[in-house]
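J.: Sharing a structure here in structure tokens format.
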Amino acid sequence: MKNFKQVPITILTGYLGAGKTTLMNHVLTNQQGYKVAVIVNDIGEVNIDAKLISDEGFIQEEDKGNVVPLSNGCICCTLKADLMQQIVDILKTQKFDYILIEASGICEPLPIAQTITTLANSMEQYGLPPICRLDNVVTVVDAMRLVTEFGCGENLVKDDIEEEDIENLLIQQIEFCNVIVLNKVDEVTKEQLNEVKAVIKFLQPTAKIIETNYAKVDVKEIMDTNNFDFEDIQTSAGWIKELEKEDEETHHNDHNHDEHHHHHHEEGEAEEYGISTFVYTSRKPLDEKKFEDFVNDRFPSSIIRCKGLVWFGNDYDMSYLFEQAGKQMQLTQTGYWLASAPKDELKEMIAQDPEILKDWDKEVGDRMVKLVFIGRKMNKEAIIKEMENCH
């Protein structure tokens, strides 16, 4: 088998209008002799710089509309259902140094990242050595949009229904990435910019933030960076980090949540803008109706993100994941609590994984309510009181 070089793949995500296409054109025009295959959701929607489009006649009829050849040896093609096969076809040509996938503004990057990671580990099936790797997940965000979304401008009236999904998506995209391109920073004040960055750091403490205008980014910052690690990125979101810290702390003091002096982030900015986070824990089940009323009718708009495990008295054995981002709320079953297993099975499980006992309550086992709250100017006492009234 002749020498294949490894092709790094970057996923580019971000909401409509954030500057993804500008960034993509920037990569295509500044690729210093590198050949990039760009995969986009819909070629029709992408304004590829006209100077780049080549009129070479080598495209087969059936590919017209799916593939646009570019004069610098790059190509642009449509994201197909079978992304794996598509990537394999591109790799087999051996003409490209990079692959850039632009995930449309409305999809989460996680499934695409999973597909590529799976593919990178299963190249033999396609008769190929491991010649691709997921290199980076880049989220482009419009600074002004974040100022508005995160309510950093107090004058905001949110009555636009579509906005609900946007906030949820923005947060998902910020939480799952290695690099955040904070675009159009000239359109906001220094103060607003600092505030937005403080919020981003709470949502995603590990990603690198690049501030820019017109999506001008040094290509080396986003291609072939060797930044991506699935395990790392999956546990890099702020809410997960908070839960982990909470776990460590809980074992050093008793379970009184008022004792938890929540990690004052070193940056004074967070304090200055009233951005904070705390974890609510309880070993008592929630009353589903009361919790629902609180969430639907009295959930403070100061909460930007809330996520974690909940447990209901009327459904004693099932654990649920509650997540909120902006106005979007979701409750998902996440399987049975271990404590609900038959005694002998439980013994077996504990023998295999003694860690289970770390957070075990002698009455309720592993059942618990544990929610992370991240927000601006939250009234922590009031929120805790509301939660306590939900039991």
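J.: Within the stretch 110-145, can you find the residues that are under 19 Å from ILE210 (Cα atoms) and in contact with a strand residue (DSSP E or B) (Cβ under 7 Å, 6 or more places away or on another chain)?
T.: Within the stretch 110-145, the first condition is being under 19 Å from ILE210 (Cα atoms), and the residues that meet it are 135-145.
Matches in the stretch 110-145: ASP135, ASN136, VAL137, VAL138, THR139, VAL140, VAL141, ASP142, ALA143.
J.: A further question on this structure: Quick check: is even one residue across the stretch 106-128 assigned to a loop (DSSP other than H, G, I, E, B) and surrounded by 18 or more Cβ atoms within 10 Å (Cβ to Cβ)? Spell out how you get there, then give the answer.
T.: Filtering the stretch 106-128 for residues assigned to a loop (DSSP other than H, G, I, E, B) gives 106-108, 121-122, 127-128.
Filter once more, keeping what is surrounded by 18 or more Cβ atoms within 10 Å (Cβ to Cβ): none.
Taking every residue of the stretch 106-128 in turn, none turns out to be assigned to a loop (DSSP other than H, G, I, E, B) and surrounded by 18 or more Cβ atoms within 10 Å (Cβ to Cβ).
J.: Go over the candidates TYR336, TYR316 one by one and state the one that is open to solvent by 30 Å² or more (accessible area, probe 1.4 Å) and either closer than 30 Å to ILE200 by Cα or under 30 Å from the mean Cα position of the chain (by Cα) (or both). Outline the logic, then answer.
T.: Values: TYR316 fails: either closer than 30 Å to ILE200 by Cα or under 30 Å from the mean Cα position of the chain (by Cα) (or both).
Checking each option against the conditions leaves just TYR336.
J.: Still on this structure, please answer the following. Could you run through the stretch 324-333 and say how many residues are of a type outside the set (A, V, I, L, M, F, W, C), open to solvent by 30 Å² or more (accessible area, probe 1.4 Å) and either in a loop (DSSP other than H, G, I, E, B) or closer than 13 Å to VAL295 by Cβ (or both)?
T.: 3
J.: If the requirement is being charged (D, E, K, R) and modelled with pLDDT of 85 or more, which of these qualifies: LYS184, LYS158? Even if it seems obvious, please write down each step before you answer.
T.: Details: LYS158 fails: modelled with pLDDT of 85 or more.
Only one candidate qualifies: LYS184.
J.: Would you confirm whether or not the stretch 204-211 contains a residue that is over 14 Å from GLY14 (Cα atoms), crowded, with 23+ Cβ neighbours inside 10 Å and either aliphatic (A, V, I, L, M) or in contact (Cβ under 8 Å) with a residue 40 or more places away in the chain (or both)?
T.: Scanning the stretch 204-211, I find at least one residue that is over 14 Å from GLY14 (Cα atoms), crowded, with 23+ Cβ neighbours inside 10 Å and either aliphatic (A, V, I, L, M) or in contact (Cβ under 8 Å) with a residue 40 or more places away in the chain (or both), so the answer is yes.
J.: Provide a single number: the residues in the stretch 358-381 that are under 18 Å from GLN324 (Cα atoms) and in a helix (DSSP H, G or I).
T.: Initially, the stretch 358-381 is screened for residues under 18 Å from GLN324 (Cα atoms), giving 369-380.
With in a helix (DSSP H, G or I) added as a condition, the list becomes 380.
Summing the residues that are under 18 Å from GLN324 (Cα atoms) and in a helix (DSSP H, G or I) in the stretch 358-381 gives 1.
J.: To continue, here is another question. Looking only at residues in the stretch 339-376 that are of a type in the set (D, E, K, R) and buried (at least 16 other Cβ atoms within 10 Å of the Cβ), which one is modelled with the lowest pLDDT? Outline the logic, then answer.
T.: Going through the stretch 339-376, the residues of a type in the set (D, E, K, R) turn out to be 343-345, 347-348, 353, 355, 358-359, 361-363, 366-367, 370, 376.
Going one step further and asking which of them are buried (at least 16 other Cβ atoms within 10 Å of the Cβ), we end up with 366-367, 370, 376.
On the way: ASP366: 94, ARG367: 95, LYS370: 94, ARG376: 88.
That would be ARG376.
J.: Hey, another quick one. Go through the stretch 299-313 and count every residue that is on the phi < 0 side of the Ramachandran plot, under 21 Å from the mean Cα position of the chain (by Cα) and open to solvent by less than 20 Å² (accessible area, probe 1.4 Å).
T.: Adding up the residues that qualify gives 4.
J.: Restricting to the stretch 26-53, give me the number of residues that are open to solvent by less than 30 Å² (accessible area, probe 1.4 Å), more than 18 Å from LYS220 (Cβ to Cβ) and at pLDDT 75 or above.
T.: Matching residues across the stretch 26-53 total 5.
J.: Looking only at residues that are over 14 Å from VAL179 (Cα atoms) and in contact with a Ser or Thr (Cβ under 9 Å, 6 or more places away or on another chain) in the stretch 231-245, which one is surrounded by the fewest Cβ atoms within 10 Å (Cβ to Cβ)?
T.: Selected residue: GLU244.
The values are calculated or read from the model by the stated rules, or taken from the named source; none is laboratory data. Quick caveat, the model's predicted, so the values are computed rather than measured. Using ideal geometry, Cβ is built from the backbone for each residue, glycine included, and neighbour counts are taken over all protein chains shown. Quick note on the areas: whole protein, heavy atoms, side chains included, nothing else; ligands and nucleic acids left out. Shrake-Rupley method; radii C 1.70, N 1.55, O 1.52, S 1.80 Å.
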